[in-house]
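To start, the structure itself, in structure tokens.
Throughout, read-outs are computed from the coordinates displayed, never taken from laboratory work. The structure displayed is predicted, hence computed values, not measured ones. Neighbour counts run over all protein chains shown; Cβ positions are idealised from the backbone, glycine included.
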Amino acid sequence: MNRLRAVVALALVFAVQFCCAQLNTRRVMEIGRNALYFEDYVLSIQYFNQVIEAKPFLHEPYFFRALAKYYLEDYSGAEQDLDTAIVRNPYISRCYQLRGLCRANRDSLLLAEQDFRKALRFNPHDGEVWQNLGAVAMQQEDWGKAATVLDSLLLFYPRDSRAYLMRTQVALNVEDTVTAQKMVEQAVTYDRYSADVYGARAVVKSVTGEYESAEQDLDRAIELLPNQCNNYINRALVRYNRNNLRGAMEDYDMALYVEPANFVAHYNRGILRMEVGDDNRAIEDFNWILDVDPDNTLARFNRGLLSKNVGNYKRAVDDFSRVIGDYPNFEYAYQCRAEAYRKMGDARAAKADEDWLLKRQYEMFVSGGKVAADEYVASEDKTRKSSDKNVRNYNKMISSDITDDKKYTTEYRGKVQNRAVNVELEPIFVLTYYESGSELERKDVYYKPLEEMNRSLSGSPLLLTNDERALAEQEVVAHFASIDDLSKEIAANPSDVRALLRRALDYYLVQNLEESMGDLDAAVSVAPDMWVLYFVRAFVRYKDLEIQEANVGNEDVGIAPKHTPGLPNIDFRKVKDDLDKVVELMPDFACAYFNRANVSAKLSDFKSAIVDYTKAVEIDGRFAEAYFNRGLARIYTGNGEEGIADLSKAGELGIFQAYNLIKRFQMSGK
């Protein structure tokens, strides 16, 4: 019943919005794209639904709703929306691109290829589309086509390191090590501080037997990106080939520490444990694999061998029988099952398997070995591909590819992409009702005046965090209902500052930043000495400017809505003015200094930023984010030694990526 009331409340809010000027679709689209930029995908879909209902003839809301569904991994639903968008406007490149991504993720590779080629007709120099077209060809194992596509991409973008890595993988798949070496060296030339390129060069060197040099490259890759599981797996293989079994085992353990559910690491560690006689722990690895993939015949055969070794003959027989069911001509499985039967005392069953083996040997002798099918011949390679299901390669470790054929790229990433690529400051602090998902030991910041203010506010207490999360569907519903209730209170008493503040926060949380700022302006006019109003208005305006900045000069593909091109510094100075007022009213508020420092850094005034970060850590000596940002600001201004010391302190306090940055800056000589 409560859920029904909430849904009805949400419907009423939407109904009111529809009635207002018959729905301002431009504003609703803008708010929906705000939500999309900040990764509130469920919320953004609700806004796009409104636009679609009001103006179903537009293609944009279908496209952006598809984009939200894509990030929620609803590829089928996204594809349907894109079909509709293309019907409404068949000349938009990004619609074909996104539909191609959806189809590729659903393994509809031919249709995906068609869409990517259509996208290139409208935008022939789109590097993302060329990469995805190459990835489709690689997944189809059409290496000639993949090479042609990637060579075309490199004509347009001769410094694209990922394209060189993909081209390297294609060359390795056709055993063209000369081209592979040439391509991977180009990748290293253009991207010297990327872990991926050193990992890729190590794979090429492993193929050519240069194991010592390959290990050095993997050492460098791990220094640059210590949480990348594949680099530990590849270094373990290199160490294994150099007979450093202890080092290989340590790397597999580390790989599984970083990524506990990594299939290849479990399988390879099981093989290595099997080889060194650690049978019981090897069984643990193969048990894990069979729990995840019960049809994995190679893992089952290995577990059968290990079970026989440790005296668990019943399980060994069960495993060998399953393998024989899949591979009825695999002689070694019959031999092993016969041995297990004899250990169990079942001489009759053992004799049946032994008779089959004798008959098989006679048939092979008479036929000159032609009875055995090619699929049962073990390869000469020391390792096997993950796609290799040849049971005779049961005791070989799995090798890794340079690139993942199914790893498609998209420019529509908003904050996620920026965080993955750039060295960024820790973000500003905001007020919210929800605890963050931060890995820091102190997840949310305590400030006594905020606690006192919470006592005077009805509803949930406000929290300080710089790690916001997307709202769940029921939370979105609750905030729309709250907006409706507060609107009635404000209509009755327009000077109710606390109601204006709460509604401003509700609007902020549902990404309606314009209405939020309007309420805050009204509240400030009533209570000009209330610090929290300036603090909230500062971060709401900052977020709005952040969205605008993300799309300056990127009109075709941005997620966030478009505003006037070019962001004059005066816009950020308005944010700074509000934070100046907060500091004046609350000089012991560390987060105000931190946020003001971030604004100064945004304006490239790093000296002022350092002063404010320093004040923040003087107030709160465990302010990890302030140490982290001050470290970056000091490095940017040429003070590398003190900057690295700050990053070290930030790492000590819980911002673990600081250690990765320390290594990067030290290697770059900054």
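So here's what we get for this one:
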{"item": "Mean projected area in nm² (Cα convex hull; one quarter of hull surface) for the chain", "result": "36.3"}
{"item": "Whichever aspartates and glutamates have a C-alpha closer than 18 Å to that of Lys576, once near sequence neighbours (fewer than 8 apart) are set aside", "result": "Glu426, Asp521, Asp529, Asp544, Glu546, Glu549, Glu584, Asp588, Asp605, Asp612"}
{"item": "Residues with amide H under 5 Å from that of Phe656, placed H, sequence gap 5 or more", "result": "none"}
{"item": "Principal-axis tilt of helix 93-105 within the chain, Cα atoms, nearest 10 degrees", "result": "40"}
{"item": "Ranking of Lys488, Lys581 by count of other Cβ atoms within 10 Å, fewest first", "result": "Lys488, Lys581"}
{"item": "Net dipole in debye of the chain [+1 Lys, Arg Cβ; -1 Asp, Glu Cβ; about Cα centre; nearest 20]", "result": "780"}
{"item": "Inter-label distance, nm, simple model (7 Å from Cα along the C-beta direction), Asn243/Arg26", "result": "7.6"}
{"item": "Inter-part distance where the range 605-667 and the range 237-285 are each reduced to a Cα centre, Å", "result": "37"}
{"item": "Summed residue charge, Cβ within 14 Å of Met530's Cβ, Lys/Arg positive, Asp/Glu negative", "result": "-3"}
{"item": "Residues Asp571, Asp485, Asp40 arranged by fewest to most Cβ contacts within 10 Å", "result": "Asp485, Asp571, Asp40"}
{"item": "Ranking of Ser206, Ser387 by count of other Cβ atoms within 10 Å, fewest first", "result": "Ser387, Ser206"}
{"item": "Relative contact order (%) - criterion: Cα under 8 Å, at least six apart; region: the chain", "result": "10"}
{"item": "Degrees between helix 75-88 axis and first principal axis of the chain (Cα, 0 to 90, nearest 10)", "result": "60"}
{"item": "Three-way shape label, the range 588-670, alpha-carbon gyration tensor, a/c 1.5", "result": "oblate"}
{"item": "Acute angle (nearest 10 degrees) that the helix 143-156 long axis makes with the longest principal axis of the chain, alpha-carbon atoms", "result": "30"}
{"item": "Ranked packing of 180-190, 273-283, 234-244, most packed first, by mean Cβ within 10 Å", "result": "234-244, 180-190, 273-283"}
{"item": "Filter on Lys615/Lys649; Lys145/Lys182; Lys581/Lys615; Lys343/Lys389; Lys145/Lys396 - keep pairs with C-alpha separation over 25 Å", "result": "Lys343/Lys389; Lys145/Lys396"}
{"item": "Inter-part distance where the range 487-532 and the range 52-67 are each reduced to a Cα centre, Å", "result": "31"}
{"item": "Leu603/Glu642 FRET efficiency (R0 30 Å; Cβ-Cβ; nearest 0.05)", "result": "0.85"}
